[in-house]
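The values are calculated or read from the model by the stated rules, or taken from the named source; none is laboratory data. These numbers were taken from a predicted model, which means no experiment stands behind them. Backbone-built Cβ (ideal geometry, glycine too); neighbour counts: all protein chains shown. Surface areas here come from the heavy atoms of the whole protein model, side chains and all, with no ligands, DNA or RNA. Shrake-Rupley method; radii C 1.70, N 1.55, O 1.52, S 1.80 Å.
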Amino acid sequence: LLLVVAAVAAPVAGAAKPKAQKTIVVSVGQQMLWAYKGNKVVLSSYVSTGRAGFDTPIGSFAVLSKLPSQTMEGVIGGEYYNVPDVPWVLYFTNGGHALHGTYWHNNFGTPMSHGCVNLPLDVAAWLYNWAPVGTPVLIVS
């Protein structure tokens, strides 16, 4: 995985040092997540992305909204689901794709979801508190 970080112009003497940008990167192929602050990895974890037919979208996104807990219910691909009290939800598409805590399995490293990025509970809580709305989310193959 190669993460390209844009060069930053040299700061003016006496100017405040700019904050390093936070970015979340998810590799569908590796079933891994990395949280970057600038070019430094501050967190990494196995995840579970969408299983066959329920693909997690590839591309550049951003955290659009955050909810500490939400019941997720719907029908995707003819499959009904109702999962109460999903914790630490960070939506990154308007189509319902989110990074979120997962209490119903511990099979991280294997695609398991309906397109969301399933996270271990401790990782989800940390990411929820670390990443503000607007944080870039890069999903790669």
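Key figures for this structure:
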| item | result |
| --- | --- |
| Probe 1.4 Å, accessible area per residue of the chain, Å² | 55 Å² |
| The chain: relative contact order in percent, alpha carbon pairs under 8 Å with at least 6 residues between | 29 percent |
| Residues whose placed amide H lies under 5 Å from that of Phe61, excluding near-sequence neighbours | Val137, Leu138, Ile139 |
| Local net charge near Ala124, Cβ-Cβ under 13 Å (Lys/Arg +1, Asp/Glu -1) | -1 |
| Convex hull projection area averaged over all views, the chain, Cα basis, nm² | 8.9 nm² |
| Cα-based helix-to-principal-axis angle, 121-130 vs the chain, degrees rounded to 10 | 40 degrees |
| Using θ = phi - 60° and Karplus 6.51 cos²θ - 1.76 cosθ + 1.60, couplings along the range 83-89 (whole Hz; Gly, Pro as x) | 10, x, 6, 5, x, 6, 8 |
| Among Val28, Val86, Val117: highest mean-square fluctuation, GNM of the chain, C-alpha pairs under 10 Å | Val86 |
| Residues Glu73 and Gln30, FRET efficiency given R0 of 25 Å [Cβ-Cβ distance, rounded to 0.05] | 0.25 |
| Among Tyr91, Ala20, Val140 the positive-end extreme of the charge dipole of the chain (Cβ point charges) | Ala20 |
| Accessible area of the chain belonging to carbon and sulfur atoms, whole % at 1.4 Å probe | 57 percent |
| Alpha-carbon centroids, the range 82-141 and the range 21-73: separation in whole Å | 6 Å |
